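Comments concern the structure below.
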Amino acid sequence: MINALDNYEGQHDMSRLLHSDPTQASSPLFTTTLSLPDCNADAWVVVDSTVNGLAMGGTRMTATVDPTELGALARAMTHKLALADLPIGGAKAGICPRGPIGDRDALMRTFGQVARPLMQGGVYLGCDQGTNQADRDTFFAAAGYDIARVPGATRLNVEWSDFYRNMSDITGFGVATAALATLEAQGVRTPQRIVLQGFGAVGRAAALHLVAAGHQVVAVADVLGTIEDPAGLPVQTLIECTDTDGTIDRGRLPSSVRVHDGDRAWLKVGADLLVLAANADAVDESAVSSVRAGIVVEGGNMSISRPARRLLREAGHIVLPDVVVNVGGAALTGRIITGITPSGLTAPKLSAWLRDWISRKIKRNCALIQELSDSGSPDPVADLLADRNIAL
Ligand SMILES: NC(=O)c1ccc[n+]([C@@H]2O[C@H](COP(=O)([O-])OP(=O)(O)OC[C@H]3O[C@@H](n4cnc5c(N)ncnc54)[C@H](O)[C@@H]3O)[C@@H](O)[C@H]2O)c1
């Protein structure tokens, strides 16, 4: 076993993880189909694993979500939470509208009422692609779910929804922390040029933290195309022109910027650091030879295909994988549900405590990934998981 693996702090106790077969890339522990009366939508909850009867994951609402996609996402949650040494299993919920949503509140209320036994029974369901914090507040209320009443959870001095709203940058904060720690480990001390693919909740928060650390965002991409300024984009102004789903209003852009239409124009922009914070497989095998940045950060889930990750490493790029870097939101919630965050702190103290813990965990895992990669590992995430007796 190489040195990196001998030094875990607070390693996850795998004896408590319940999984259909933790050593195999196998089916989830259970998949539940929900019927949503009077709603034109299908819905499922997939639980990949539990620890002490607890599991957690987001609720995805897209026109294409299905149990197979949810199974892969729930498995990724198991990996993410285990690598953060959090004693809770991975889950994911999905809502697939069969047509126009109509009354969104009614849909979320019904989802909460139907999922109530699962939520009350230890399966935490948060937000994910297609659902927002207001939706979550609605289905929590309908399920009679209150994180503060989960047995053994950290006691909060503040409403959970208010606290979470104030921490809404936490995943982007973690992504930026991973990037900054890696630059520091590489001995980089000068401002770096950053390209961000995805300008949603994760991309915007990561951009603000990276700019605050003295770096320059030279391009951002959303679903419509890429916006570039080699002299540095005004990130705050761009944020003011961006709607809640992460689309930038082209009509309000400063005249200094260049706009490129089309998919993947962001790949052509010269950069030192590429942060991916949008769709799955944004970098696949066909894109690898076009990647110009030395460091690629996988802020979105499965932003780089598995073969592309290996090819990037072989070509000398540093790759910071999703399950290590985008754990901020999950870690924040997981630490409260499992009660391993001190109770009774004021909101600012709780926020500082959690940011410090998340940042230390992410820095440590990035260092381990890099150490494994430098020692020739073809798949450092698989090695870290194997040390916890979990298959990819
Ligand atoms: N929000 C979180 O806390 C969180 C936590 C863990 C993982 N993630 C993952 O991070 C990724 C981003 O999440 P988010 O919450 O910021 O999403 P979001 O919906 O808020 O924003 C997505 C952004 O990506 C852009 N986009 C979509 N398709 C694109 C494409 N083909 N090319 C370029 N840009 C494209 C959108 O225009 C938007 O700017 C997702 O993979 C999500 O599952 C999010």
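Going through segment 161-181 one residue at a time, which ones are within 14 Å of the ligand (Cβ to nearest atom) and among the small types (Gly, Ala, Ser)? Selection gives Ser168, Gly172, Gly174, Ala176, Ala178.
Of all residues in segment 267-284, those being away from the ligand (no atom under 12 Å from the Cβ) and touching an Asp or Glu at 6+ places or on another chain (Cβ under 7 Å) number 1.
Residues checked against (1) in a helix (DSSP H, G or I); (2) within 15 Å of the ligand (Cβ to nearest atom); (3) modelled with pLDDT of 95 or more; (4) assigned by TED's automatic domain parsing to the domain that holds Arg258:
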{"residue": "Pro151", "(1), (2), (3), (4)": "no, no, no, no"}
{"residue": "Arg155", "(1), (2), (3), (4)": "no, no, no, no"}
{"residue": "Val158", "(1), (2), (3), (4)": "no, no, no, no"}
{"residue": "Leu183", "(1), (2), (3), (4)": "yes, no, yes, yes"}
{"residue": "Pro191", "(1), (2), (3), (4)": "no, no, yes, yes"}
{"residue": "Thr226", "(1), (2), (3), (4)": "no, yes, yes, yes"}
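Residues of segment 309-339 that are out of contact with any Leu (no Cβ under 8 Å at 6 or more places or on another chain) and more than 15 Å from the ligand (Cβ to nearest atom): Arg309, Arg310, Leu311, Leu312, Arg313, Glu314, Ala315, Gly316, His317, Ile318, Gly339.
Would you be able to say whether some residue in segment 285-297 is under 15 Å from the mean Cα position of the chain (by Cα), at pLDDT 95 or above and within 15 Å of the ligand (Cβ to nearest atom)? Within segment 285-297 (the criterion being under 15 Å from the mean Cα position of the chain (by Cα), at pLDDT 95 or above and within 15 Å of the ligand (Cβ to nearest atom)), the answer is yes, since at least one residue qualifies. Screening Asp261 against (1) of a type in the set (Asp, Glu); (2) without any contact (Cβ under 8 Å) to a residue 40 or more places away in the chain; (3) away from the ligand (no atom under 13 Å from the Cβ) leaves a single unmet condition, (3). Is it the case that some residue within segment 195-215 is surrounded by fewer than 23 Cβ atoms within 10 Å (Cβ to Cβ), assigned to a strand (DSSP E or B) and within 12 Å of the ligand (Cβ to nearest atom)? For segment 195-215, residues surrounded by fewer than 23 Cβ atoms within 10 Å (Cβ to Cβ), assigned to a strand (DSSP E or B) and within 12 Å of the ligand (Cβ to nearest atom): absent.
The values are calculated or read from the model by the stated rules, or taken from the named source; none is laboratory data. Source: prediction; values computed, not measured. Cβ coordinates were reconstructed from backbone atoms using ideal geometry, including for glycine residues, and neighbour counts include every protein chain displayed.
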